[in-house]
Every structure is written in structure tokens, then in C-alpha cells.
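Student: The structure that follows is given in the form of C-alpha cells.
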Amino acid sequence: MTLIEYQYFAPLANARGHFRSLTVPEPFKIERWQRARMVKLWRQLAWLPKLEIEVQTEDREVVPHDYDVGHVVVATLRRTSINEGADWLSRIHGLDKLEDLLKERLRLVGLYLCGQPELAASYWYTVEDRKPELAYGGMSTTSIRAFPTTPNQNTIRATNEFSRVRKLPLSPDYLQTALEHWEESHRSKQKHLEFFSLMVALETLFNVGAQDIRYRVSRSVAVLLGDDADESDYIFEVVKEAYDVRSKLVHTGKPKGLDKVWLWHLRRIVQASILKMLELQLPKDEISARLTRLGFGEGARVTANPSIERTGLRPAAHVKR
């Protein structure tokens, strides 16, 4: 049976910094390419004009306007032809399963570093007479916005360890649901939908009843994430204000006050909460009960691992309220 060498090429969106130092499942690896090299192969595989691909590299956050390089995922496999024989579909599914492992790793990296690394496109191809010939693949249909994921020398080891050990779907189930809403906030191009996704994620994590939701969720977030009483107080006020804005938006249909909500900060609060609760591995009711017994600045007492890195959510210019 003849084996064919297949190459893989996938431009990465929102991949910055030391991204090529991230470990990904075999046979994949991450490389850093010059824009011209990337555009040349991409347009040959996509059958699109050079200008169109150049626009895609910027619009899909692969190589931003002020950059000359970006990151790509590459691989080499030797397989029987994926386009011939009665079982060709199962061979296609085999390639999809490989790529699913890669996408899972990228989602975990995005969670850990609070970004949106995505495959902007992906292609399996062969090389005939030194020319790439598309075998399978195409452009991603995922909405991609500018949420850079930037591992550095200080975070790369911890990021690799987290993405290697953790698996999707997250457990307990409420963490996976919150993650999906958090990820949806990245894809939402309308500000109010992004905001709603983040608020739903917060309630998925912290709401355990139908009474005093605004107070209970705000307080639980503040206790869990605040390094000290001042930071807990700050987070408490931020989340309460977000609830006030959501209430007005739901009841009036007008996004009044939404410009006062710092969505990036709210996104960080949700991300940090997921990571903390993932360490705890406790039912939501149990976490809620523990947080209720604790005061502001005492969140470390509820964590299963007191040495877990804190998130530093309070802005440097914070003044105690």
C-alpha cells in the first residue's frame, strides 16, 4: 500500500510572544513565519488573490498591521491517500480527530492566558513538482477578534503544564458551561452580547439560588478573588455595577451605562474565577457555602492549593472606596 506524505498548515490568530514555545499534541508543532512566506502558501492553498490573503492575515489577527511575523501550526504525516478507496471518509475523520486535539490545547491555552488563540484556517496538502496541492481543509468560520494570547518566559512553563494536565470538557460541568459562555464573549461583535455572555458565565459559576442574586454573586466573586480586603471591596463594586447595567439593559432595551463597564476587566474576572474553581474541584453549592462563611480578603482559605498564583485584578491606580 502506497503511503503519501501530507503536510499541514494552519495560520494562528491571536498568537503572540513566545507562542512557538508552547507544546502541542504530536504531530503538530508551532513555528514563527515571515508574513510573505505565510501569504504565499496560504494563497496557493486557498486559491485566493494575494491581496485577499494579506487582508485576511490582518483582519483575522494572524499578522497584525504593525507586525512582520506570525505563528503557524505545521505537521507532516505519511498516510494512505485520503481521497481514494471505500473508507476515505473515515480517514478524513481521523485527520479531524487529530486537529480536535490541537484545538483543545489552544482553548486551554486561551483560558490560562485570557486570550483567543484560534486556527484562522487549516489545510492538509501534498507537494507535487514543488507546488502545494490541497487535499483537505479551508478557512475557519469562527468569528475572530483581537484578543492576543501572549505567553512569555515567565509564564510558558506554567501554561504548558496547565494545557497538558487539563482536559476538555472541564469538570465539574458548571465550569465547562461557564467556559463556553466566556469563549462566546470573545466571538460576539456586538458589545451588549459580549456583556451578556460574561454575565451569564458569572452566574453559572456563582449563583445557587433565586434570591439576592446581585449581592450574592458580587460578594462571592469578591471573596474568592480578592488578595486583600481592599481588592475584594473593589471587585465587589465592579460586579454590582455590572449587574445594575444588565438590569437596565434587560428592562429598557437600551445599553445605557454599558460604556462604563470595563469588559476586559470583567472577562479577566470570569477567567480568574474559572481557574480558581478548577483548582478547587468542588460542587458549586459547597464553594458557595465556604465563601459565605468568609470575609473580604480571606479567599485563600477556601482554595485547595494556597500557593496558586493570584491574579492581581485590582488596577494599579486603585483607591480604597
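The values are calculated or read from the model by the stated rules, or taken from the named source; none is laboratory data. Not measured: the values here are computed from a predicted model. Using ideal geometry, Cβ is built from the backbone for each residue, glycine included, and neighbour counts are taken over all protein chains shown.
Student: If residue 207 passes every condition in (1) within 23 Å of residue 299 (Cβ to Cβ); (2) in contact with a Ser or Thr (Cβ under 8 Å, 6 or more places away or on another chain) but one, which one does it miss?
Tutor: Checking residue 207 against (1) within 23 Å of residue 299 (Cβ to Cβ); (2) in contact with a Ser or Thr (Cβ under 8 Å, 6 or more places away or on another chain), the one that fails is (2).
Student: Of a type in the set (Val, Ile, Thr), more than 30 Å from residue 156 (Cα to Cα) and surrounded by fewer than 21 Cβ atoms within 10 Å (Cβ to Cβ): which single residue out of 126, 141 fits that description? Walk me through how you get there before you give the answer.
Tutor: Values: 141 fails: more than 30 Å from residue 156 (Cα to Cα).
Among 126, 141, only 126 is of a type in the set (Val, Ile, Thr), more than 30 Å from residue 156 (Cα to Cα) and surrounded by fewer than 21 Cβ atoms within 10 Å (Cβ to Cβ).
Student: Looking at the stretch 10-22 only, could you name the residues that are in contact with a Pro (Cβ under 8 Å, 6 or more places away or on another chain) and either of a type in the set (A, V, I, L, M) or assigned to a strand (DSSP E or B) (or both)? I'd like the intermediate steps shown before the answer.
Tutor: Keep residues of the stretch 10-22 that are in contact with a Pro (Cβ under 8 Å, 6 or more places away or on another chain), which gives 12-19, 21-22.
Correct list: 12, 13, 15, 22.
Student: Also: Checking the structure you have, find out if any residue of the stretch 45-68 is touching a Phe, Trp or Tyr at 6+ places or on another chain (Cβ under 6 Å) and under 19 Å from residue 101 (Cα atoms).
Tutor: As a first pass, look at the stretch 45-68 and keep what is touching a Phe, Trp or Tyr at 6+ places or on another chain (Cβ under 6 Å): 45, 53.
Keeping just the survivors that are under 19 Å from residue 101 (Cα atoms) gives none.
Looking through the stretch 45-68, none of the residues is touching a Phe, Trp or Tyr at 6+ places or on another chain (Cβ under 6 Å) and under 19 Å from residue 101 (Cα atoms).
Student: Continuing with the same structure: Only one residue in 201, 222 is closer than 18 Å to residue 295 by Cα, assigned to a helix (DSSP H, G or I), in the same structural domain as residue 296 (by TED's automatic domain parsing) and at pLDDT 95 or above. Which one? Full working, then the answer.
Tutor: Details: 201 fails: closer than 18 Å to residue 295 by Cα.
After ruling out the rest, the residue left standing is 222.
Student: State which residue is farthest from residue 21 (Cα to Cα) when the search covers only the stretch 64-86 and only residues that are modelled with pLDDT under 95 and surrounded by 12 or more Cβ atoms within 10 Å (Cβ to Cβ). Walk me through how you get there before you give the answer.
Tutor: To start, the set of residues in the stretch 64-86 that are modelled with pLDDT under 95 comprises 64-68, 77-86.
Checking the rest, the ones that are also surrounded by 12 or more Cβ atoms within 10 Å (Cβ to Cβ) come to 64, 67, 77, 79-82, 85.
Details: 64: 20, 67: 19, 77: 21, 79: 27, 80: 31, 81: 32, 82: 31, 85: 39 Å.
The extreme case among them is 85.
Student: So, of the residues in the stretch 224-265 that are touching a residue at least 24 places away in the same chain (Cβ under 8 Å) and of a type in the set (Lys, Arg), which turns out to be farthest from residue 286 (Cα to Cα)?
Tutor: Going through the qualifying residues, I end up with 246.
Student: Output the residues belonging to the stretch 238-268 that are in a helix (DSSP H, G or I), among the charged types (D, E, K, R) and at pLDDT below 90. Full working, then the answer.
Tutor: So the first thing to find is which residues in the stretch 238-268 are in a helix (DSSP H, G or I), and the list is 238-252, 258-260, 263-268.
If we keep only those that are among the charged types (D, E, K, R) as well, we get 240-241, 244, 246, 248, 259-260, 267-268.
Scanning the stretch 238-268 gives 248, 259, 260.
Student: Sort out which residues of the stretch 266-284 are of a type outside the set (A, V, I, L, M) and farther than 17 Å from residue 239 by Cα, and write them in order of number. Let's see the steps before the verdict.
Tutor: Kept after step one, since they are of a type outside the set (A, V, I, L, M), are these residues of the stretch 266-284: 267-268, 271, 273, 276, 279, 281, 283-284.
Within the stretch 266-284, 276, 279, 281, 283, 284 meet the criteria.
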